[in-house]
Amino acid sequence: MPGGRLFPACVLAAGLAACLPIGSAIAKGGATTVDVELVLAVDISYSMDEEEQHLQREGYIEALQSDEFQKALKAGPNGRIAVAYMEWASSYDQRTIVNWTVIDSPQTARSFATQLSGAPYRRASRTSISGAIDGAMRLFENNGYDGARRVIDVSGDGPNNNGRPVMQAREDALAQGVTINGLPLLIRPVRVAYMDIENLDWYYEDCVIGGPGAFMIPVRGPEAFSEGTRTKLVLDIASAPEAVPQANPLLRRVSSENPRISCYIGESLWRQRMGE
């Protein structure tokens with residue numbers, strides 16, 4: 001190669017063509033080696049109003065293009081991650097809005113953010129965090145990437161009330177070495193009509209997150225969205241997230257083995273609403 005020039009090589013991953021430098025590591029079987037395979041799984045249930053949906057998406061768009069994210073990205077052994085953005089509601093409703101994409105520079109991060117910003121908004125019925133975890137696990141299958149870690153990043157404003165118990169989905173994911181992190185949204189006062197619960201942060205700590213280095217960051221107001229999302233995304237891709245100091249006021253690790261809140265509270269509230 002005259003002058004040491006690297007010519008691009010293209011590989012097919014999850015139906016998308018991705019061009020990488022020839023010097024990029026290709027794992028056994030043709031998969032592209034990345035530091036993290038990350039699924040951003042975001043709630044679009046009817047309890048998420050227009051403002052919450054906008055804040056949620058804009059939080060990720062800003063975080064992906066932040067200097068902090070780029071520094072964390074380049075600190076990894078390979079300096080690249082693979083990301084997919086999935087929206088979820090009921091156990092039968094998970095849609096991939098931006099498919100698996102390699103992010104390895106400000107340009108690729110900006111391209112991902114542009115695709116995300118152009119996607120239409122929608123809302124749907126029920127809240128199935130277990131369905132979100134199961135849907136994310138399916139996205140990992142044969143996706144064309146080989147990550148040192150696989151992470152599901154769940155954000156939402158209510159407990160599981162549809163599909164199988166969230167603990168079952170969590171345990172199945174953890175058994176395959178996947179880490180589940182959380183971003184519970186506590187922006188609005190508790191609304192009985194939407195079966196909101198007090199202490200949604202406890203629920204996420206005790207019933208949703210888990211795996212190596214797992215954590216969650218509660219968002220308690222619109223002004224906290226940007227910082228909370230950016231901090232969580234940086235920690236999602238950090239090469240050693242378990243080493244991040246507990247002193248970080250936003251950070252909450254996995255709680256005790258004895259839940260402080262019932263992991264079936266969402267299902268119980270739904271049955272009460274239906275008069276069962």
- Projected label distance in nm at residue 107 and residue 123, using a 7 Å step from Cα toward the beta-carbon: 4.0
- Message: Relative contact order for the stretch 31-274: what percent, with Cα pairs under 8 Å and sequence separation of 6 or more?
- Response: 24
- Message: Expected output is a single nm value to one decimal: the length gained when fully extending between residue 226 and residue 260, i.e. 0.36 nm times separation in residues minus the C-alpha distance. What is it?
- Response: 9.4 nm
- Item | Contour minus Cα-Cα distance for residue 54 and residue 198 (0.36 nm per residue) | 49.5 nm
- In this structure, the FRET efficiency calculated for residue 268 and residue 115 from their beta-carbon separation, with R0 = 45 Å, to the nearest 0.05, is 0.70
- Note on the structure: Quick shape summary for the stretch 31-274, equivalent ellipsoid via Cα gyration tensor, semi-axes whole Å in descending order, reads 26, 19, 18
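Each reported figure results from applying straightforward, stated rules to the coordinates on display, with no laboratory input. From a predicted model like this one, the values you see are computed outputs, not experimental measurements. Positions of Cβ are backbone-derived with ideal geometry, glycine not excepted, and every protein chain shown enters the neighbour counts.
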